[in-house]
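Worksheet: one structure, shown below.
Computed from the coordinates by the stated procedures, all read-outs in this text should not be read as laboratory data. Note that the structure is predicted; figures quoted are calculated from it, not measured. Cβ: placed from backbone, ideal geometry, glycine included. Neighbour counts: every protein chain shown.
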Amino acid sequence: MTNSLFINQVLLTFQAGFQEHRKDLSAVMITDKKYLWFGSDETSTIERLSLVEQDKFAEHKQFRVAEFISLPRPEDEEIDIEGLACDDDHLWFVGSHSYKRKKTKPDNSEQKNISRLAKIESEQNRYVLGRIPLVDGQLYKSYSHPKKPETQLIAAKLELTKDSNVLMAALMNDPHLGAFIQAQIPGKDNGFDIEGLAVHQGRIFLGLRGPVLRGWAIILEIELENSLPGLLTLRKIGIEKQKYKKHFVWLNGLGIRDLCWDGEDLLILAGPTMDLDGTVQVYRLKNGVNLQENVMNNPEFVQEIPHGTRNNRAEGMTLFSEIAGVPSLLVVYDSPAPDRLVDESGVLVDVFRLG
C-alpha cells in the first residue's frame, strides 16, 4: 500500500458460510462506535460484525431482510444491496434498481457467449428500498421508539409495482434518466444503477453509478411517507412539487459508488461506471444536507483510493474517526486481491486518513 494517507488494515471475520460473499461486499456503515454493517451485491441479507479489537471485527450476525420486509421474489434471489444508512433509529438499505446483462463464461463457445451478451434481465428484488428499526445494534420488525414510547417504529419498504417500484415509475419519463430506464440499459453499461445511500432527517439521497451524462453524475433526493402499514410512497417535494429532485455533481466523469455524511458535508466515493479498472476518488460536497435545486455542484476533491488490476475495487466507505482516533475512512472492496483473504472467512479492508 503506497498511498500516503493509508493508516492500517482492519480484519473482518465472518462465519464460514459467508466465505464467498466476503469477496463481494458492496456497502458498509458503522453504528454505535462498535458495529459494522454490510450489504453484499449477491445476497438478500444484511451482515453485522462487532468490534473485538482495535483492528478486528468479528462475532458475525446475519439478518434476513425477508424476516422484516416481504420481498417480491424468493429470498434466494439477490437484492443486490448497494447502500446502507442510519437515520432516526432505522437502518435503511437500497437495492441497485438496475438491469443486468449476462456474463460471458470461459468454458462456453464464442457463439454461446455472444448470445449471452444479448440477454438482459430485470430482477424484482433489486427494486427494494426499505428501512428496519435499529435499536442497540439489533434489527426489529417493530419496536417502540426509545425516546418516544408512544411512537412505534415499523419496518417498511417503498411501494412496488408489477416490475419495479414507484420511484422507477416516476423516473420513467424523466428528461435525463427516462431514456436509460425505458431502453433497459444495464447498470454496468452506463445504465441506471443506484450505488450510494445517505439519509438525513427523513431526506433520502441516492447516488447513481450511472448514467453519467457528459461527465456529470447524479444524486436523487426523495422523501417518503406512509401509505399503508409497512409501505411507503413518494412525497412531493421541492420548488416544483415533484416526487424527486436531481442534483448534478462533477466527479471528473466518474459515477457514484457510495455516500456517507461527515457532519453536514456529504462524502462521495466515485469510480468508473463501467466494468473496468480505473480511478477511484473521494469528494466532499460541502453542506450536502442543504443541496439547492437546479444547481450544478462542484464538490472538492479529497483524495484517491488505490485500486488493483481486476481486483480491489472500492465499493463502500464509512467514517472511522472515533475508532482510529483521527479523521478517517474505512473502505471495503469488491473482488479483493488474494492477499486480502485471511484463512477461510476473513478479509482485510483499509483505513485511510481523511484528507
Practice item. In nm, give the distance between the simple-model label positions of GLU77 and VAL326, each being 7 Å from the Cα along the Cα-to-Cβ direction. Key: 4.8 nm
Revision key, fill the gap. Quick note on THR13, THR161, ordering by fewest other C-beta atoms within 10 Å, gives THR161, THR13
Point to revise | Under 5 Å, built H, 5+ apart or other chain: amide partners of ILE185 | key: PHE192
Point to revise | Cβ-defined net charge surrounding LEU267, 9 Å radius [Lys, Arg +1; Asp, Glu -1] | key: -2
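Which of the peptides 223-235, 203-215, 178-190, 82-94 is most tightly packed, and how do the rest follow, judged by the mean count of other Cβ atoms within 10 Å per residue?
82-94, 203-215, 178-190, 223-235
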Point to revise | In sequence order, calculated HN-Hα J values of the range 318-330 (Karplus, 6.51, -1.76, 1.60; Hz; x Gly/Pro) | key: 8, 4, 10, 4, 5, 8, 6, x, 9, x, 7, 10, 9
Point to revise | Proximal lysines to LYS245, defined as alpha-carbon separation beneath 21 angstrom and excluding residues fewer than eight positions away on the same chain | key: LYS157, LYS236, LYS286
Check your understanding: Quick one: if you stick a label point 7 Å off each Cα along the C-beta vector at GLU264 and TRP216, how many nm between them?
Key -> 2.5 nm
Review point. Distance from the Cα centre of the range 250-327 to that of the range 1-76, in angstrom?
Key: 20 Å
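Which of SER328, SER40 has the fewest other C-beta atoms within 10 Å, and how do the rest follow up to the most?
Values: SER328 22, SER40 25.
Fewest-to-most Cβ neighbours within 10 Å comes out as SER328, SER40.
Can you run the Rg to Rh ratio on the chain? Use alpha carbon positions and the Kirkwood inverse-distance Rh. Show your work: numbers first, answer last.
On the way: Rg = 19.3 Å, Rh = 20.5 Å.
Across the chain, the Cα-based Rg/Rh ratio is 0.94.
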**Study point:** Whole-Å distance, taken between Cα centres, linking the range 160-189 and the range 113-150
**Key:** 19 Å
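Across all directions of projection, what mean area in square nanometres is found for the Cα convex hull of the range 197-355?
Over all viewing directions, the range 197-355 projects a mean Cα-hull area of 11.5 nm².
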Revision key, fill the gap. Sorting VAL342, HIS247, GLY39 by the position of each Cα along the dipole of the range 6-353 (Lys, Arg +1; Asp, Glu -1; all at Cβ), the one nearest the positive end of that ordering is HIS247
Practice item. Take the chain, connect every pair of alpha-carbon atoms lying under 10 Å apart with a spring to form a Gaussian network, then pick out the residue of LYS23, LYS61, LYS148 with the largest mean-square fluctuation. Key: LYS148
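Can you tally the net charge around ILE69? Count Lys and Arg as +1, Asp and Glu as -1, for every other residue whose Cβ sits under 11 Å from the Cβ of ILE69. Kindly include the intermediate steps, with their values, before the conclusion.
Working: positive: ARG64, ARG131, LYS141, LYS157; negative: GLU67, GLU75.
Neighbourhood net charge equals +2.
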Practice item. Determine the dipole magnitude for the range 6-353: charges of +1 sit on the beta-carbon of Lys and Arg, -1 on that of Asp and Glu, nothing else is charged, the reference point is the Cα centre, and the result goes in debye to the nearest 20. Key: 760 debye
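Add -39500 (n - 2.57) for each DSSP H run of 4 or more in the chain, then divide by its residues: what number comes out at 222 nm, to the nearest 500 deg cm²/dmol?
On the way: 4 runs with 22 residues, N = 355.
Dividing the helical sum by the residues of the chain leaves -1500 deg cm²/dmol.
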